[in-house]
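Below: one structure in structure tokens.
The values are calculated or read from the model by the stated rules, or taken from the named source; none is laboratory data. Just so we're clear, the structure is a prediction, and the values are computed from it rather than from any experiment. No Cβ is skipped: glycine too gets one built from the backbone with ideal geometry, and neighbour counts run over all protein chains shown. Just the protein is used for accessible areas: all its heavy atoms, side chains included, with ligands, DNA and RNA removed. Shrake-Rupley method; radii C 1.70, N 1.55, O 1.52, S 1.80 Å.
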Amino acid sequence: YRISDIANTLLQQAKQQDDPVSQIDSQDGQIFQIDLIPALVESIVSEKRVQYSTLVDVEIKLDLKKSYGAFANVILDKLKRTLSNLINNAVEAFEAKKGQVLISVEAKNDTIEIEISDNGIGIPNEVLSRLGKMFVTHGKESLSNESGTGLGVYYAKKTIESLGGQLNITTLLGKGSTFKMIFPRADTPLWFVHRIQICEQIIIVILDDDMSIHEIWKERLRGLTKSISFEIINFLSAQEFISWYKNQIEA
């Protein structure tokens, strides 16, 4: 795991000790835990953008506008692998390595929906009815020997169902396909802030050793700059923040 993954795991375990909503269950030796789905999806999308950065005509977009407070009780590693594989499938099926993948997360009253949509070749109806069964695939025949076995969608369906969710697939031949994962929405943990209110002329401090986290917050706050004036200060280490804070107090 990356350093940030380890830190997030330790943080989640600490939260679970104090928050009865976040207690874990066990299934086949795997650990279920309540997790903030947009953050999980965002981390995978960032990795995929790096992975496919050499494909200049492939665009991977993310929409989290309707995802605030989207918690689900899942096995993190399984969901990460499944999402990663479905994004890979979308990119690998593009003709001439050109196309767009849109990943979105939406929090509804009782469910969390994760969609992976592409504008690729689509799937014929006769294949769609069997997709999700072992060795049934479409659109990868020209790729490597490892691709095109149908195992990706088969195991994605099985994994999602094992997590208490469901996988829906829709497609339009020549226009693209959408893979929608639907999970029951979990109760919001006690530590989660339901609403963030930003006042005029305040200072927002972002502290994290991962520059991608700083970029994520910068993107989320960018939409507020037109109506509210505030300052963002970034720190990569706790020591830098402590020194700055002491100077603020002494000033």
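If residue 60 meets every condition in (1) open to solvent by 40 Å² or more (accessible area, probe 1.4 Å); (2) farther than 20 Å from residue 182 by Cβ; (3) modelled with pLDDT of 90 or more apart from one, which number is that one?
(1) is the only condition that residue 60 fails.
State all residues of segment 127-169 that are in a helix (DSSP H, G or I), of a type outside the set (Lys, Arg) and modelled with pLDDT of 70 or more; if no residue qualifies, say none.
Within segment 127-169, 153, 154, 155, 156, 159, 160, 161, 162 meet the criteria.
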